[in-house]
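Asks: Got a structure for you, questions after.
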Amino acid sequence: MITTFSNKRLSAIVTVLPTREIDFADEMQNYGYSEMKMKKLKKIMGYDKRRAAMPGETVSGYAEYGIRHLVDQKVLRLEDVGGIIVTTTSPDYFMPPVSNLIQGRLDISTDCVCIDISQACSGYSVGLTYAMMTLEHLSDKKVLLVSGDMMTFKVGARDRASRPIIGDAVTVSVVENATAAEPVYCALKNKGQDAMNIVIPAGGTAMPITPETSVETQDADGNWRSPEQFFMEGDEVFNFAINETPAMVGELLQTAGKTVGDIDYFVCHQPNPFMLKKMAEKIGVDQERLPNDIVPKYGNSNSATIPVTFCEHYNEMYAGRDVLQLCLASFGAGLSLGAVVMQVPRLDYCSIINYPHQG
């Protein structure tokens with residue numbers, strides 16, 4: 001699906017990170033790697049630092065903290081909120097929805113539209129598209145897009161394929177109607193035939209949790225995990241992302257009447273630096289215009305990585321400029337793809353803050 005929206009803008013983003021930082025070297029005993037192998041993985045895959053939430057911390061708690069921060073900074077009034085859209089695969093509960101929890105705790109109007117979308121790595125592109133759709137019916141109201149995950153709770157401590165890169169973060173973006181804003185172009189694609197290539201097998205009705213589903217076993221590659229934990233067919237997902245994403249981006253750019261050279265920055269989902277370097281080559285863009293340094297600093301936080309990247313590089317990207325032409329591209333669980341091409345003037349607010357862990 002490719003669609004176009006008129007008179008919409010992204011006006012503010014806040015990224016909320018856990019205060020707890022984990023160093024790859026501190027967990028090396030879990031993986032059984034030699035020191036030489038550790039150094040190689042650190043260089044190629046970006047294994048280094050990552051942020052991890054503490055037990056009891058939730059997506060709704062981080063989102064509420066971020067929204068209150070935006071209010072304190074006087075860039076948002078709660079009475080102006082007409083919609084809350086949440087993209088996550090680590091909700092607080094099976095029910096109620098995270099969006100309703102946020103709406104209730106902040107005492108936002110009962111007329112507020114509340115939508116939860118189960119999306120991981122493609123969550124920001126999907127959520128931004130849904131936010132634009134919702135704004136078509138909200139006139140002067142704003143939509144809060146909450147994107148983020150706490151997947152560190154769902155990755156095995158000895159899963160050396162995934163554990164070293166998975167991090168946690170929750171982001172809040174303010175999306176609103178705007179007079180005379182440039183058109184926004186959105187693309188969403190899915191390949192559900194390969195959906196099980198990224199999966200947490202147990203926990204739903206297809207495989208209810210039992211004592212047996214919590215037992216970790218070792219696979220042929222030395223990874224220990226249980227059916228209640230995250231699993232990915234790495235090679236299959238890599239091939240899907242590296243081939244399908246550039247094709248989708250090319251199609252969307254053609255629809256928008258733009259070329260790769262017209263885009264100031266490609267802000268992509270951040271799985272690891274290696275994949276993003278290959279992605280830049282396939283798209284045909286120089287590395288400076290496709291940042292790939294988020295995983296070594298914060299980890300892969302699924303649907304949060306695009307806004308995390310934007311917040312991290314905001315000042316340097318806008319140095320000497322007031323407007324950027326951006327392409328936001330994502331790929332992941334589903335298997336899904338999403339991309340947005342839009343002109344983004346300087347935001348009213350853009351920052352990274354830490355969540356104050358209690359206790």
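Asks: Taking into account only those residues within the stretch 121-144 that are open to solvent by 10 Å² or more (accessible area, probe 1.4 Å) and not in a helix (DSSP H, G or I), which is modelled with the lowest pLDDT?
Replies: Out of the qualifying residues, it is 139.
Asks: Sticking with this structure for a sec: Anything in the stretch 171-225 that is closer than 20 Å to residue 119 by Cβ, open to solvent by 80 Å² or more (accessible area, probe 1.4 Å) and assigned to a strand (DSSP E or B)? List them, or say none.
Replies: If the condition is that a residue be closer than 20 Å to residue 119 by Cβ, open to solvent by 80 Å² or more (accessible area, probe 1.4 Å) and assigned to a strand (DSSP E or B), then 190 is the only one that fits.
Asks: OK, next. Residues in the stretch 286-327 that are open to solvent by 10 Å² or more (accessible area, probe 1.4 Å) and among the β-branched types (Val, Ile, Thr): how many?
Replies: Residues in the stretch 286-327 being open to solvent by 10 Å² or more (accessible area, probe 1.4 Å) and among the β-branched types (Val, Ile, Thr): 1 in total.
Asks: Scanning for something surrounded by fewer than 21 Cβ atoms within 10 Å (Cβ to Cβ), out of contact with any Cys (no Cβ under 8 Å at 6 or more places or on another chain) and either among the acidic types (Asp, Glu) or modelled with pLDDT of 95 or more (or both), does the stretch 269-279 turn up at least one residue?
Replies: No, because not a single residue in the stretch 269-279 is surrounded by fewer than 21 Cβ atoms within 10 Å (Cβ to Cβ), out of contact with any Cys (no Cβ under 8 Å at 6 or more places or on another chain) and either among the acidic types (Asp, Glu) or modelled with pLDDT of 95 or more (or both).
Asks: On to the next question. Considering 351, 330, which residue is open to solvent by 20 Å² or more (accessible area, probe 1.4 Å), assigned to a strand (DSSP E or B) and either among the hydroxyl-bearing types (Ser, Thr, Tyr) or modelled with pLDDT under 95 (or both)?
Replies: 351 is the lone residue from the list that is open to solvent by 20 Å² or more (accessible area, probe 1.4 Å), assigned to a strand (DSSP E or B) and either among the hydroxyl-bearing types (Ser, Thr, Tyr) or modelled with pLDDT under 95 (or both).
Asks: I would also like to ask the following. Residues of the stretch 96-110 being open to solvent by less than 50 Å² (accessible area, probe 1.4 Å) and outside any loop (DSSP other than H, G, I, E, B), which ones?
Replies: Result: 98, 99, 101, 102, 103, 104.
Asks: Let me ask something else. Please indicate, with yes or no, whether at least one residue in the stretch 280-289 is assigned to a helix (DSSP H, G or I) and touching an Asp or Glu at 6+ places or on another chain (Cβ under 8 Å).
Replies: yes
Asks: Which residues, taken from the stretch 226-249, are surrounded by fewer than 16 Cβ atoms within 10 Å (Cβ to Cβ), more than 20 Å from the chain's Cα centre (by Cα) and of a type in the set (Gly, Ala, Ser)?
Replies: 247
The values are calculated or read from the model by the stated rules, or taken from the named source; none is laboratory data. Note that the structure is a prediction, hence the values are computed from the model and not measured. All Cβ positions, even for glycine, are placed from backbone atoms using ideal geometry, and neighbour counts span all protein chains on display. These area figures cover heavy atoms from the full protein model, side chains too; ligands, DNA and RNA do not enter into them. Shrake-Rupley method; radii C 1.70, N 1.55, O 1.52, S 1.80 Å.
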